Amino acid sequence: LQHNKTIVVDGKECKAVVCGSTNFSWRGFYIQNNNAMVLRGAKTVAVFSEAFDDYWANDSVVGFGPTAPASRWMDLGLAGIDARVTFSPHGAKHAVLDDIANDVEKNARSSVFYSLAFLGQTTGSIRDAITAVTKNNEVFVYGMADQQVGGMPSLKIGISGGNLPPVFPQALVKNLPQPFKREPTGLAGEDENQRGTRMHHKFIVLDFDRPSARVYFGSYNFSGPADTKNGENLLLIKDRRIATSYMVEALRIFDHYHFRILQQQAKKKDEKLQLRKPPQKASQKAWFDEDFERPDKIRDRELFA
C-alpha cells in the first residue's frame with residue numbers, strides 16, 4: 001500500500017510539511033484518534049520532496065529500498081530539535097522495526113506510552129516488545145490499541161502492582177442522554193465496537209520525563225508490512241517537550257477508554273462507579289491511601305508528581 005499521509009507545500013510564502021497518522025478525511029479528523037505534525041522550513045521540505053521524487057521514480061521496494069529516504073534516518077533540519085525521518089518500504093538491510101522494538105524492550109528506563117492501531121492483529125518484534133515491557137514492573141506502561149489484545153495481562157493486574165494491558169475503544173451507548181447517546185462509527189455498519197472505528201494513532205513515547213525522551217510516530221503501523229512493503233513516513237524526535245506532548249495525548253486517551261471499559265465491566269456485575277467519600281472517622285482509611293500502598297499506584301503518583 002501507499003500508506004503515507006503527507007502534504008508538502010513548497011512556495012515563496014510557505015514551506016511546510018504535514019505528516020502523521022491522520023487520513024485527510026472527515027473520519028480522520030472527527031471520529032478517529034489521530035495525530036498530525038506540521039513541520040516548517042526549507043530543509044524539511046527538501047527531505048520530503050526528495051522522498052516524493054523517489055517514490056515517483058520507483059514502484060516497488062526493489063527500486064525505492066536503496067534510495068536515501070529508505071536507507072537511512074534523514075535529519076529534518078529543525079533548529080534545536082533532533083528530528084529525523086525515514087520512509088518505507090525499506091530493503092532488508094535498512095529495516096528499522098527490530099531496532100525500534102529493541103529500544104522499547106531494552107532501553108526504556110522509566111516509562112513507555114503507546115497508541116498502536118491494529119496491535120491486536122500485529123505479530124513480530126514490536127508485539128513481542130510491547131508484551132515484554134508490559135510485564136516489566138520497573139517501567140511504567142500505558143497503551144492503547146484499536147481492539148482488545150489477546151495474550152496480555154488482565155485489566156485488573158494493576159492491583160498486584162503490574163502494568164495494565166492496552167485499553168481499547170469502548171462505546172457507551174446505554175443510559176446516556178443526547179447528544180452523547182449516539183456516537184458515530186468509523187466504519188460502515190451498526191456495530192458500535194467494530195475494530196478500527198476510533199483508534200488510528202501510531203506512536204510510541206519512551207522516557208518522557210528524562211533527557212533521553214523520544215517519540216516515534218507517523219503513518220507507520222510498526223509492523224512487518226509497514227517496514228518493508230508499504231509506502232510510509234516514520235519520524236523519530238528526541239525532544240522532551242515534544243515527547244511530553246505525545247505522553248499527554250496517550251494519558252488522555254488511556255483514562256478516557258479505561259473509564260469506559262470499567263463502566264462496562266461494572267454494568268455486567270451490577271456495580272456502580274462513584275466517587276468515594278472522605279473518612280468520617282479517624283480509624284477509617286482515606287480513599288487515597290492506596291496511592292501510597294499499591295505498587296502500581298505508587299509508580300503512577302511518583303511519575304506524574
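The values are calculated or read from the model by the stated rules, or taken from the named source; none is laboratory data. Everything quoted here is computed from the prediction, not taken from an experiment. Cβ: placed from backbone, ideal geometry, glycine included. Neighbour counts: every protein chain shown. Keep in mind that these areas ignore ligands, DNA and RNA; they rest on the heavy atoms of the full protein, side chains included. Shrake-Rupley method; radii C 1.70, N 1.55, O 1.52, S 1.80 Å.
Inspection of the range 66-80 finds no residue satisfying the criterion of being surrounded by fewer than 18 Cβ atoms within 10 Å (Cβ to Cβ) and touching a Pro at 6+ places or on another chain (Cβ under 6 Å). Looking only at the range 35-60, which residues are farther than 19 Å from S88 by Cβ and not charged (D, E, K, R)? The answer is V38, G41, A42, V45, A46.
Of the numbered criteria (1) open to solvent by 80 Å² or more (accessible area, probe 1.4 Å); (2) touching a residue at least 24 places away in the same chain (Cβ under 8 Å); (3) of a type in the set (G, A, S), the one A243 fails is (1).
If you go through the range 81-101 and pick out every residue that is surrounded by fewer than 16 Cβ atoms within 10 Å (Cβ to Cβ) and assigned to a helix (DSSP H, G or I), you end up with 4.
Exactly one residue among D255, D209, D227 is in contact with a helix residue (DSSP H, G or I) (Cβ under 7 Å, 6 or more places away or on another chain), assigned to a helix (DSSP H, G or I) and not basic (K, R), and that residue is D227. Could you identify the single residue in V9, V17 that is at pLDDT 95 or above, touching a helix residue (DSSP H, G or I) at 6+ places or on another chain (Cβ under 9 Å) and open to solvent by 20 Å² or more (accessible area, probe 1.4 Å)? It is V9. Can you find a residue that is surrounded by 14 or more Cβ atoms within 10 Å (Cβ to Cβ), polar (S, T, N, Q) and either under 17 Å from L262 (Cα atoms) or modelled with pLDDT of 75 or more (or both) anywhere in the range 176-188? The answer is no, given that none of the residues of the range 176-188 is surrounded by 14 or more Cβ atoms within 10 Å (Cβ to Cβ), polar (S, T, N, Q) and either under 17 Å from L262 (Cα atoms) or modelled with pLDDT of 75 or more (or both). The set of residues from the range 27-60 being in a helix (DSSP H, G or I) and open to solvent by less than 30 Å² (accessible area, probe 1.4 Å) comprises G28, T44, V45, V47, F48, A51.
Selection within the range 277-300: residues that are over 29 Å from the mean Cα position of the chain (by Cα) and of a type in the set (K, R). The member of this set that is nearest to N163 (Cα to Cα) is K285. Candidates are the residues of the range 102-138 that are part of a helix (DSSP H, G or I) and open to solvent by 50 Å² or more (accessible area, probe 1.4 Å); the one that is nearest to Y220 (Cα to Cα) is Q121.
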